[in-house]
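The values are calculated or read from the model by the stated rules, or taken from the named source; none is laboratory data. Quick caveat: nothing in here was measured; it's all calculated off a predicted structure. When we count neighbours, we look across all protein chains shown, and the Cβ atoms used for this are built from the backbone with ideal geometry, even at glycine. Note: accessible area is taken over every heavy atom of the protein model, side chains too, but ligands, DNA and RNA are not part of it. Shrake-Rupley method; radii C 1.70, N 1.55, O 1.52, S 1.80 Å.
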Amino acid sequence: MSINLLYSGKAKDIFSTKDEDVIIAHYKDQATAFNGVKKEQIEGKGILNNQISSFIFEKLNAAGVETHFIEKISDTDQLNKKVNIIPLEVVLRNYTAGSFSKRFGVEEGIKLETPIVEFYYKNDDLDDPFINDEHVKFLQIATDEEIVFLKEETRRINELLSDWFRQIGLKLIDFKVEFGFDKDGKIILADEFSPDNCRLWDANGHHMDKDVFRRGLGKLTDVYETVWEKLQVLK
Ligand code: TMP
Ligand code: ASP
């Protein structure tokens, strides 16, 4: 059996397995921000994100969301269905924050009447630009039908996640997800869900996510550890 590195990302390495439809995602101890401009090794981050993402994906699978997640196989590794990643970062915002606040000149933490879904074109060389549905079609990334599905599925995922985080005293401000085509051409949720790709605020407005690293607010793993401990209530 040969295991080969298929892809090395900023936070994960992806390896092949003897089953061509299954890959291993290895979570690394690396934190990056601003498209890799800020980069640090943070011991224990890979273990925490693998734990948190496995936990969330298991719950999403159980709730009937089709995902790539199969099982967690070690502290830092999980088995995932192999997908063809759709080169879109699908962002959903429940509250204003981050680049949204910057773009529109509004303060952070304002509740959006209806959650807003945005697309960013996954392309490091171009700095993942903000794009609209027509750009998605121009780039031949997805059809009209697929665009509708991506938005509706992201809203459905948001309802589940917002409810779970509400139960443990955290506000899901916004998040980023990625989807891929599985071997049958079906669109399923892929990548990860961890404090690396969402914003979570506690009751005091403290950041419980990667903004701690982006903005230099404290020790990232302490915060991720707290999120992991809180999630135990949902077991
Ligand atoms: P933004 O406000 O910087 O656009 O980020 C929106 C959400 O997307 C936030 O939860 C962080 C997440 N995100 C990623 O997961 N990867 C990225 O490359 C960026 C820019 C944001
Ligand atoms: N994921 C991006 C990076 O690794 C940016 C971010 O999350 O802020 O640089």
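The stretch 1-61 holds strands (runs of 3 or more DSSP E) entirely within its bounds, and those carrying 3 or more residues that are more than 15 Å from the chain's Cα centre (by Cα) and either of a type outside the set (Asp, Glu) or under 19 Å from Ser74 (Cβ atoms) (or both) map to 5-8, 12-16, 22-27, 38-41. Looking across the stretch 1-15 at every residue that is of a type outside the set (Gly, Ala, Ser) and at pLDDT below 95, the one that is nearest to ligand 2 (Cβ to nearest atom) is identified as Ile3.
A count restricted to the stretch 60-82 and to residues that are charged (D, E, K, R) and open to solvent by less than 50 Å² (accessible area, probe 1.4 Å) stands at 1.
For the structure I just gave you, tell me whether Lys28 is at pLDDT 95 or above, crowded, with 17+ Cβ neighbours inside 10 Å and over 27 Å from Val212 (Cβ atoms). No: the conditions fail for Lys28. Of the residues making up the stretch 180-197, those that are in contact (Cβ under 8 Å) with a residue 12 or more places away in the chain and out of contact with any helix residue (DSSP H, G or I) (no Cβ under 8 Å at 6 or more places or on another chain) are Gly180, Phe181, Asp182, Lys183, Lys186, Ile188, Ala190, Asp191, Asn197.
Being part of a loop (DSSP other than H, G, I, E, B) and of a type outside the set (Ser, Thr, Tyr): is that true of Gln140 here?
On the way: part of a loop (DSSP other than H, G, I, E, B): yes; of a type outside the set (Ser, Thr, Tyr): yes.
So Gln140 passes the test.
Among the candidates Thr221, Thr226, single out the residue that is away from ligand 2 (no atom under 16 Å from the Cβ), without any contact (Cβ under 8 Å) to a residue 60 or more places away in the chain and of a type in the set (Ser, Thr, Tyr).
The conditions single out Thr226.
Under the condition of being within 28 Å of Ser99 (Cβ to Cβ), surrounded by 12 or more Cβ atoms within 10 Å (Cβ to Cβ) and of a type in the set (Gly, Ala, Ser), the residues counted in the stretch 4-25 number 3. The residues in the stretch 182-218 that are more than 15 Å from ligand 2 (Cβ to nearest atom) and under 13 Å from the mean Cα position of the chain (by Cα) can be counted, and the count is 2. For the stretch 103-162, how many residues meet the condition of being among the hydrophobic types (A, V, I, L, M, F, W, C), touching a residue at least 40 places away in the same chain (Cβ under 8 Å) and in contact with a helix residue (DSSP H, G or I) (Cβ under 8 Å, 6 or more places away or on another chain)? Count: 5. Take the residues in the stretch 83-130 that are closer than 17 Å to Arg214 by Cβ and part of a loop (DSSP other than H, G, I, E, B); name whichever of them is most open to solvent (accessible area, probe 1.4 Å). Looking at residues that are closer than 17 Å to Arg214 by Cβ and part of a loop (DSSP other than H, G, I, E, B), I get Asp127. When Ala97, Ala142 are checked against the criterion of being away from ligand 1 (no atom under 16 Å from the Cβ) and either modelled with pLDDT of 95 or more or closer than 24 Å to Leu172 by Cβ (or both), Ala142 stands alone in meeting it. Just one of the listed residues (Phe179, Phe119) is away from ligand 2 (no atom under 16 Å from the Cβ) and under 14 Å from Val91 (Cβ atoms), namely Phe179. Scanning the stretch 39-54 for residues that are surrounded by fewer than 18 Cβ atoms within 10 Å (Cβ to Cβ) and either within 21 Å of Glu153 (Cα to Cα) or in contact with a helix residue (DSSP H, G or I) (Cβ under 7 Å, 6 or more places away or on another chain) (or both) yields Ile42, Gly44.
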